[in-house]
Amino acid sequence: MTGPQAKHRLDYTPSPFTISELSLNFRLEPTKTRVGANSQVTRVVAGATTLTLDGESQKLIRILIDGQPLAETHYSVSENALELTVDKDQFELYIETEIDPENNTALEGLYRSEGTFCTQCEAEGFRRITYFLDRPDVLAVYTTRIEAPKADYPFLLANGNKIDSGELDDGWHFATWHDPYPKPSYLFALVAGQFDLLEDEFVTKSGRKVALELFVDPGQASRGVHAMESLKRAMRWDEERFNLEYDLNIYMVVAVDFFNMGAMENKGLNIFNSKCVLADEDSATDKEFHRIESIIGHEYFHNWTGNRITCRDWFQLSLKEGLTVFRDQEFSSDLGSRAVNRIDAVKTIRGVQFAEDAGPMAHPIRPEQVIEMNNFYTVTVYDKGSEVIRMMHTLLGEEGFQKGMACYVSRHDGQAATCDDFVQAMEDASGVDLTQFRLWYSQSGTPELSVSESFDVASGEYRLQFSQQTAATADQTEKQPLHLPIKMELLDAQGKLLDAKTKAGDFDGLFSLTAAEAELVFTGLKEKPVASLLQEFSAPVKLHFAQPTAELCLVMANASNAVARWDAAQSLLMAAIEAEFDDAAAELSPELVSAFAKVLLDEQLDPALMAELITLPSVSSLLDAKPGRDITKLFQARQQVQRKLKHALSTECDVAWQRVNVQDAANRAAKGALLLWYGLAGDEAKVQAQFDNATNMTDTLAALTAANQGLLSCRESMMSAFEAKWRHDPLVMDKWFTQLAITPESVETVLAKINQAMEHEQFAISNPNRVRALVGAFAEANPMAFHDDSGLGYAFLGEQLMQLNGINPQCAARIITPLIGFKRHSDERQSLMRAQLEQLLAMDDLSKDLFEKVSKSLK
Ligand code: TRP
Ligand code: ZN
């Protein structure tokens, strides 16, 4: 198979030229924007005479070197580069180009979002703005001048500080911005438009006043308050926990409606998907409030881990993303419930990241080869990357880790660094040997940790035998043992924590497994203890430990760690669903029922944790445990177990319902999880009452979800009422699109509704939020319809992908995920899914983004 070529990590070479200063001049017009780019270029490799600049989708107008037009014999333009011949050590290069933001539907480079000019340059979007050394190891100081008609674009924004502004002829105006911190091109940003502005101020710990400005669509100001408050919390937290302070006098955040991802950390000028900034109680759920806080934090934290210290090349992406996800998770955990935040992260790894490891796009957190960089903004790089940082934190402790951070920052501030640089700093500062640990950066796949136990009454010895193994992945066959930090504790038969000793002495709760096999022996025990292993999911592995129901119930009730209790509950539920899958007449074990009765009746339990405890493992994680099974049957088994639980615990549910019927986020979470049990059990009255009485979106959406998932007859009227109320609000309509896409009705019914929804005034295939809410949700979260035997679901996704391929390849490549994971499904489904992929591969204008995923999946 031929096609676009991959780049390899080990082929990295520094650029023979570098650019230290860049002055940009934009004259903004929707279909023909003029860009003047003046670079100070330095030759770094003696004798180099070819300067190759990256560039795409633009018209070259002129090139000057040191003020002189460059002869045509000295340059050539291709589809993705401009090659110049220059024999000078130092020169000024001026390039003028013309671009078309209006027709830029890929949303990379400079584009228009509902009339607003905005940019997205990560990873390789800057090359669509001008010809440049568009690579993260070229750091320049940027000055940006923007000119535009004042009436339509009263705000003209770019990175750094505004140093000049004024009026021009014909109703135009201009603004000039200067960013004193050298940065790579991917952090460049420009925005021009009309906004409501929220203003605030933050005083840093050293007393610097920072102006905070949040720009939102006119009329949306009240929905920006939460993001602004979150930003101040993030700035304070980073000073307190990481000793990192903000470094400019202004921090701007802009919300735009058309955006491929969540948000972007451009220096001093973050650009956000409006979905990840705007919220009020009427229109957004508690989960969305939480997500906004965490993304605001994430982008802010990038100012140090990403911007001040950036990546040498894109293979090092996890250097900034894994670390920044770790930091945003810690921020959320310090401010909210640590247990619930940890559970969220664990669900992402088990439900999404393990699936990526098992599929055709498997890669280490530091990928070895890449065709389209946009395809590597993955749960592996981000979330497994964060797990790897978290394991270092576990091994080094908070103090050692913070020493490592301080060392990393002082060594590499102002540089483009590598993952190795980070680990080296951690190692040097803490003295902990991370030699073997480094394998986590180069080895892909999910390690499987098998544990067996034995107890000898005579000697009082309790033995745990550990073995680890990583199965071959699509990208890599040979695997080695990894350094696995395993947190654990032992309980006695009453559930009391045992102060266990090993042969080596006191046990501090952490066991490091470094070999393929190892044994840990506890001594001095009177009876067989109950082990709670891999507490807090201390390593991103699959644990195989056959623990009897009674022991799991004991851990669920008594482990000192809340995540361990939840994990035991998940294991119990998983086993119940598997039993149901194998035999529909299976009955719930009485031990399981009474364990859940305790949860429902526990007045001391944090209701947010109760919500997690009574939520069943995702279908994806169930399938992952035993691939090849019929996913629709698995979905039904899962629902059935939920119904059986509700049936067995009817009184307890009512008691719990009374207790959690309180208006705060934690109780609303419990209420929502519980309402789903009622909905599946067919309790129309309860669901309808919650819908009618709801005073916030969390309660409304919980009711809608329960009605739709339970296929209650009230669901149609509830859906219409919701649509009537919110039809003018695209962000809220996304919830409605998702609801109709994930209702477990027949594929014919669901597709008819989706096709109709595509005609809705708010739907636009060019808007990624709409596409993900409707098409993405269908493929991701409606196993019954998407995976229907007829293959109609797959064919529908195939059609949408063909269309999106020409509109927005990045968006297409994201929603294709469920299709390329066909190997985890039954044989008949596999061939239906393959057929769609083959059709895509046969397209002659297939984007690099889709090509990489489709071709890998068909190998
Ligand atoms: N760096 C961004 C973040 O994680 C990710 C991002 C935003 C991105 N927009 C993108 C990545 C577009 C690739 C393409 O915070
Ligand atoms: Zn990030």
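At a glance:
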item: Angle in degrees between helix 385-412 and the longest Cα principal axis of the chain, rounded to the nearest 10; result: 30
item: Cα gyration tensor shape of the range 566-628, rounded if a/c is under 1.5, else prolate or oblate by comparing a/b with b/c; result: oblate
item: Nitroxide proxy distance, nm - points 7 Å out along Cα→Cβ at T50 and A472; result: 3.9
item: Probe 1.4 Å, accessible area per residue of the range 585-645, Å²; result: 41
item: Per residue accessible area of the range 298-350, 1.4 Å probe, in Å²; result: 19
item: Shape box of the range 818-859 [Cα atoms, principal axes, largest first, Å]; result: 31, 16, 14
item: Debye log10 I(q)/I(0) at q = 0.10, 0.12, 0.16 Å⁻¹ for the range 403-525, Cα point scatterers; result: -0.47, -0.64, -0.92
item: Stokes-Einstein D for the range 776-821, Kirkwood Rh over Cα pairs, 4 °C, 1.567 mPa s (µm²/s); result: 122
item: Residue-span extension gain [S20 to L64] - 0.36 nm each, minus C-alpha spacing; result: 14.1 nm
item: For the chain, Kirkwood radius (reciprocal of mean inverse C-alpha pair distance, Å); result: 28.7
item: Accessible surface of W314 - all protein chains present, 1.4 Å probe, nearest 10 Å²; result: 20
item: Accessible area per residue, Å², the range 366-425 with all protein chains present, probe 1.4 Å; result: 29
item: Rounded Å value of the spacing that divides the Cα centres of the range 451-483 and the range 701-764; result: 47
item: Computed over the range 726-776: relative contact order in percent, which uses C-alpha pairs under 8 Å that are six or more apart; result: 44
item: For the chain, calculated [θ]222 nm from helices alone, where every DSSP H run of n ≥ 4 adds -39500 (n - 2.57); result: -12000 deg cm²/dmol
item: D (Stokes-Einstein, µm²/s), Kirkwood Cα radius, the range 329-458, 0.692 mPa s at 37 °C; result: 197
item: Normalised contact order of the chain, rounded percent, pairs of Cα under 8 Å and 6 or more residues apart; result: 8
item: Carbon/sulfur fraction of accessible area - the chain, other protein chains in place, 1.4 Å, %; result: 49
item: Accessible surface ranking that places the most exposed of E478, E748, E56 first, with a 1.4 angstrom probe; result: E478, E748, E56
item: Fraction of alpha-carbon pairs over 26 Å apart in the range 158-313 - percent; result: 25
item: Intensity falloff of the range 466-565 expressed as log10 I(q)/I(0), Debye formula with alpha-carbon point scatterers, at q = 0.11, 0.18 Å⁻¹; result: -0.37, -0.91
item: Solvent-accessible surface ranking, highest first, for H728, H298 at 1.4 angstrom; result: H728, H298
item: Of K347/K528; K183/K209; K209/K267; K267/K347; K275/K725; K32/K59, those spanning more than 21 Å from alpha-carbon to alpha-carbon; result: K347/K528; K183/K209; K267/K347
item: C-alpha long axis of helix 697-709 to longest principal axis of the chain, angle in °; result: 60
item: Diffusion constant of the range 453-498 at 4 °C, which comes from Stokes-Einstein with the Kirkwood Cα-pair radius and 1.567 mPa s, µm²/s; result: 91
item: Point-charge dipole on Cβ atoms (K/R +1, D/E -1) for the chain, about Cα centre, debye to 20; result: 800
item: Net lengthening on full extension, A71/T651 (0.36 nm per residue, minus Cα-Cα); result: 200.2 nm
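The values are calculated or read from the model by the stated rules, or taken from the named source; none is laboratory data. Fair warning: this is a prediction, and the values are worked out from it, not measured in the lab. Cβ: placed from backbone, ideal geometry, glycine included. Neighbour counts: every protein chain shown. What goes into the accessible areas is simple: the full protein's heavy atoms, side chains included, and nothing from ligands, DNA or RNA. Shrake-Rupley method; radii C 1.70, N 1.55, O 1.52, S 1.80 Å.
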